[in-house]
Amino acid sequence: MRLEWWQNLPLLLIVAPLICAVICSVLNGRAARRVMTGLSAAACLLMAALLYFTVRDSQSFVYTMGEIGAPFGNELRVGVLESLMGLAFSLVVFFAILGGRTQLERDVAPNRMHLYAAMLCLLLAALSAMTFTNDLFTAYVFIEITTIAACALISATGKGRTLFAATRYMIMNLLGSGLFLLGLSMLYGLTGHLLFPQLGKSVEALLAEGRYPGPLYLSFILMTVGIGFKCALWPFHTWLPNAYASATATSSALLSSVISKIYIFLLIKIFFRASGAQVFARRIEDVLFGFAVVGIILGSVNAIRERHFSRMIAHSSVSQIGYIFLGISLGTEAGMAAAMFHILAHSAAKTMLFLSANKLRAASDGGDSFADIRGAGFRAPAAGLAFLVGACSLVGIPALGGFASKVYLAQAGIDLGGWRMIALLATLAVSTALNVAYLLRTALILYRSDADQPQKISRLPHDGAFIAAMCALMSVNLALGLAGYPVMDLIRRGISMFA
Amino acid sequence: MLQSVMEHLDELTAMALFGIGFSLLLLNRNMIKKIIGFSMMDSGIYLFLASYGYIESRLAPIYTDNMTDPGAYVNPLPAGLVLTGIVVAVSVTAIMLGLTVRLYQRYHTLDIEEIAEQIRKEGK
C-alpha cells in the first residue's frame, strides 16, 4: 500500500520532539525556550493537518514501522479521535507555555531553562506516541517517559517543597507503572500479542472458549488500577494536591490538563480495542463508577475545606477526573463520547484556572491564602477575568464548555436508565452545588474590594503572551459551550471508527 | 499440590518478589529502601516475563547456519521486552536516587515522614 505524504506525520510528531529534546539540552536557556515554543506550535499545526486529512477521508489508517507487519511489527494508528485528542493536547501545551512564560522565567533558574525545555519536548514526544501507538508495550515505555518528564517539570523550581512533591509523585507513579507492567506481562503471556487489534481478537477468542477468564480479568484490573494511580482517580490521588500546587504555572497546567488526560485516553484505548469487545468491561465499570462518584464528591468537599488557593484548584481536579471516569464507566458509546468531550472542556478550563491563579498570586506578593488574594482581580484584570470564565465553565454555567459536557453526560445517563441514571444525575446535581460553593466563592473573593488593605503590589508588568493565551483559551471555552455539537460529532465519528 | 508449586516456581517467585517490592515502595518510610523496593518489584516482573520466554531444550533465538526450523528457537520477544524494561527501570532509579540526594542535602534525613513534617513547619 502506498502511503500518502501526510501519513508520515504521526511518526514525525514522535521523532521530531525527541530530536528537539536532545538539541535543547545543549542550547542556552533562551534558545531552548524558543525551540520548545516553536515545537509546540508546530505540533498544533501538524495535528490540525492530521485531523483535516482523517476527517476528509473519514477513515483511520495504520502506519507500520519499518514495514514489518503484524503480529511482529510496531504500529501507529491514526483516526479522527486520535488526531482530535492530539490537537487538543498540543494546543494546551502551547497555551501553557505561552501563558506561563513570565512565571517560568521567575521560577526556573536561567541555567536550568534548557533542561526544562528538553523535558517539555520529551513530554510532547510521549504525548503523540501514546495518542497514536497501537502497541501496548510501546505505550508502557512512553508512560515511563511521561513520568520522568513530569517529575522533572514538577521539581524544576528546585525548592524543597517541590522536590518533595516530585518525590511523592514519583513513588505513586512507580507503583502505578509497576501494576500496569505486571498486567501487561500477564496479558502478553496469555495471548501472545501486544498490538491492540490482535490482542482484542485473542482475548475474545479465549473468553469464548472459556479459558483463563480469571487471569484475563486480573490483568485488566491491574492495568486499570495502574493507570488510576497515574491519573489520580479517587482512591489513588494522594500525590496530586502537592504536586499541582507547588509546581510552576506551566507545569501544573500541563500536569492536570495533559498528562493525566493522556493516561485516560490510553485506558479508553485499552478498554475499547484490547479487551475483546468489552466482554468484562461490565464488571470493572461498576467498580469504576463507584470510584468516580466518590471521587467527584470527595474532591469537591476537599476543595471546599482547603485553605490554600492553588491547592483548592488542585483538589477540584480530582473531582473533574471523576467526571471523566463516570462517562467511561457508563459503558455506552454516548458515555464514552461525553467523557471525551469532558476531557476537552476540562483541559480548556483547567489550563486557564492554573495559569490565571498563578498570575493572581503573583499580584498578591505570592501569597496563597484566601486573605492574600482578596481583590487580586483588580490588581490583575486579565487573570481575574480568565479565572472567572474558567470557574464558571467548571461549575457549568450555560454557554461554556463545562455546561455542554455536563449536558452530554446527563444525556448519556438518561439513555442508559436504571440505577446508574439516578446515581449519575444525583451526583451531577450535588457536585454542581459543591462546585458553586468553592469556585464562585473564590471568584467573589477575587473581586472583593481591598480598599481597607494597603496596596500590596503596584500593578504587574504588562504580559502580552499571557493575555493572548487567556483570550484564546476563553474563546475555546466559549466555542465548546456554544458550538459543542460539531466537536461532539467529530468525537462520535472517531469512536465509530475506533473499534 | 507440591507438584503444581514446583511447576510454577518461577511465577510464584516472581509474584513474591513483586509483592515484597510493592509493599516496600508503598509503606517503607526510608527513601533508599523504597528505591530498593522499586528495583525488586520490577525484577519480579522481569523474572515473570523471562520465564514465559524460556522453553526447555530450545535454543536462544540467534540464527546459526543449518537450523532453519523456527521451532528450534524460543520466542525472542519476551527477552526484548525485559531488556527494554531494564533500561526504563535504570533511568527511573537514577532519577529517584537524584531526588533522594537533593532531599537529603536539604533536610538531612532519608525518612519521608520526617521530611513532610519539616516542610509543614517551614510552611507556617
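The values are calculated or read from the model by the stated rules, or taken from the named source; none is laboratory data. Keep in mind it's a predicted model, so treat the numbers as computed, not measured. Cβ sites come from the backbone with ideal geometry, for glycine too, and all protein chains shown count toward neighbours.
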Only helices (runs of 4 or more DSSP H) wholly contained in the range B:1-112 count here; list those with 2 or more residues that are among the acidic types (Asp, Glu) and surrounded by fewer than 19 Cβ atoms within 10 Å (Cβ to Cβ).
-> B:9-27
When residues of the range B:54-98 are limited to those that are among the small types (Gly, Ala, Ser) and over 13 Å from the mean Cα position of the chain (by Cα), the one nearest to residue B:40 (Cα to Cα) | B:94
Considering the range A:436-466 alone, what residues qualify as being of a type in the set (Ser, Thr, Tyr) and at pLDDT below 85?
-> A:447, A:449, A:458
Do we have residue A:224 as part of a helix (DSSP H, G or I), touching a residue at least 12 places away in the same chain (Cβ under 8 Å) and of a type in the set (Val, Ile, Thr) here?
-> yes
Candidate set: the range A:120-168, residues that are part of a helix (DSSP H, G or I) and among the basic types (Lys, Arg); chosen: the one farthest from the other protein chains (Cβ to nearest Cβ) | A:168
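Quick check on my filter: what residues within the range A:73-88 are charged (D, E, K, R) and either over 14 Å from residue A:494 (Cα atoms) or surrounded by fewer than 24 Cβ atoms within 10 Å (Cβ to Cβ) (or both)?
Here is the first cut: in the range A:73-88, the ones charged (D, E, K, R) are A:75, A:77, A:82.
Result: A:75, A:77.
Would a scan of the range B:18-29 turn up a residue that is charged (D, E, K, R) and out of contact with any helix residue (DSSP H, G or I) (no Cβ under 9 Å at 6 or more places or on another chain)?
Just the residues of the range B:18-29 that are charged (D, E, K, R), to begin with: B:29.
Adding the requirement that they be out of contact with any helix residue (DSSP H, G or I) (no Cβ under 9 Å at 6 or more places or on another chain) leaves none.
No, the range B:18-29 has no match at all.
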Exclusive hit being more than 9 Å from every other protein chain (Cβ to nearest Cβ), at pLDDT 90 or above and closer than 22 Å to residue A:136 by Cα, set B:86, B:35 = B:86
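Would you confirm, using the coordinates I've provided, whether residue A:194 is within 11 Å of chain B (Cβ to nearest Cβ), farther than 30 Å from residue A:319 by Cβ and either within 22 Å of the chain's Cα centre (by Cα) or at pLDDT 85 or above (or both)? Step through it out loud before you land on a result.
On the way: within 11 Å of chain B (Cβ to nearest Cβ): yes; farther than 30 Å from residue A:319 by Cβ: yes; either within 22 Å of the chain's Cα centre (by Cα) or at pLDDT 85 or above (or both): yes.
Yes.
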